[in-house]
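Bear in mind these aren't lab numbers, they're just calculated from the coordinates by the rules spelled out. All values derive from a computational prediction rather than experimental measurement. Cβ sites come from the backbone with ideal geometry, for glycine too, and all protein chains shown count toward neighbours.
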Amino acid sequence: MTPTESFADVAGGKIHILKAGSGRPLLVLHHEIGNPGWIPFYDDLARDFTVYVPSHPGYGKSERPEWMRSVRDLAIVYNWLLHDLKLDGALGVGLGFGGWIAAEMAMMSHHVFSRMVLVGAMGLQPRSSEIMDQFLIDSITYVRSGFADEHSYAELYTKEPSLDQLEQWEINREMTSRIAYKPYMFDQQMPQLIRGVSTPTLVVCGSKDQIVPMVCAELYREAIAGARLETIAGAGHYVEAEKPAELAKLVRDFAGAH
């Protein structure tokens, strides 16, 4: 399925959006390494949903807002985008860093998502261990560490990523440093504020995630009333790339799609 491309003007900047499929609207919020393109996971979901995959402001083809300094700023912009697109009540799927953004959006508005799926979500400080700090290693090592299977990494990015890909990772990394560095990849207010979320939530983690400790998924499950936790065996942090069919089925079943 070939997605359409468009740009939306929000908060003085342009946001790049990929869209395909038909049915109920579903928003995917990508990882901090950026969106790798229209991957099989999106294609699978597009059989039952109209799938929207924006690139975060400052990532990919989206313009960089020089004023943006927090993930909460980013969440406000996305709530604005959904309102402008008349997508309030969409199904939300947040991947890693995108899971943190989705959680922030749900904390701001109880009606922004009809249901929410958080996959390997960042945003909460682990009780033990730490979220892997990408700024202590090079980008290739960091991205590779998110895959349980080296073949899956090579299939998506090739064994030797292109110069354009390396440059994009560095641009994305610089934007991440602006909005999520101190403290790194969590918000100290989240443990209290997340308890106000009433959105039906599915929490998912890969059994071999080396970037976000499994305890973070457990914290989300404990904090959000009625949340359910599912673990996908053999997957690293980038579950959508390694186990697209398994993850899409969880999303579809949770949403009640047939």
Check your understanding: Given the structure, is LYS159 among the basic types (Lys, Arg), more than 17 Å from GLY94 (Cβ to Cβ) and exposed (fewer than 13 other Cβ atoms within 10 Å of the Cβ)?
Key -> yes
Point to revise | Number of positions in segment 55-106 that are in contact (Cβ under 8 Å) with a residue 24 or more places away in the chain and either part of a helix (DSSP H, G or I) or among the aromatic types (Phe, Trp, Tyr) (or both) | key: 24
Exercise for review: Please specify each residue of segment 1-54 satisfying the condition of being among the aliphatic types (A, V, I, L, M), surrounded by fewer than 18 Cβ atoms within 10 Å (Cβ to Cβ) and either touching a helix residue (DSSP H, G or I) at 6+ places or on another chain (Cβ under 6 Å) or part of a strand (DSSP E or B) (or both).
Suggested key: MET1, ALA8, ALA11
Exercise for review: Please verify whether segment 119-128 includes one or more residues that are in contact with an Asp or Glu (Cβ under 9 Å, 6 or more places away or on another chain), free of Cβ contacts under 8 Å to residues at least 60 places away in the same chain and of a type outside the set (A, V, I, L, M).
Suggested key: no
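Just for helices (runs of 4 or more DSSP H) wholly inside segment 137-250: which have at least 3 residues that are under 16 Å from LEU124 (Cβ atoms) and in contact with a Leu (Cβ under 7 Å, 6 or more places away or on another chain)? Explain how you work it out, then say what you get.
Details: elements: 139-145, 150-157, 163-180, 190-193, 214-223, 239-242.
By residue number, 214-223.
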Review point. Yes or no: ALA235 surrounded by 22 or more Cβ atoms within 10 Å (Cβ to Cβ), within 17 Å of GLY94 (Cβ to Cβ) and out of contact with any strand residue (DSSP E or B) (no Cβ under 8 Å at 6 or more places or on another chain)?
Key: no
Revision key, fill the gap. (1) in contact (Cβ under 8 Å) with a residue 12 or more places away in the chain; (2) surrounded by 14 or more Cβ atoms within 10 Å (Cβ to Cβ); (3) out of contact with any helix residue (DSSP H, G or I) (no Cβ under 6 Å at 6 or more places or on another chain) all hold for ALA154 apart from (1)
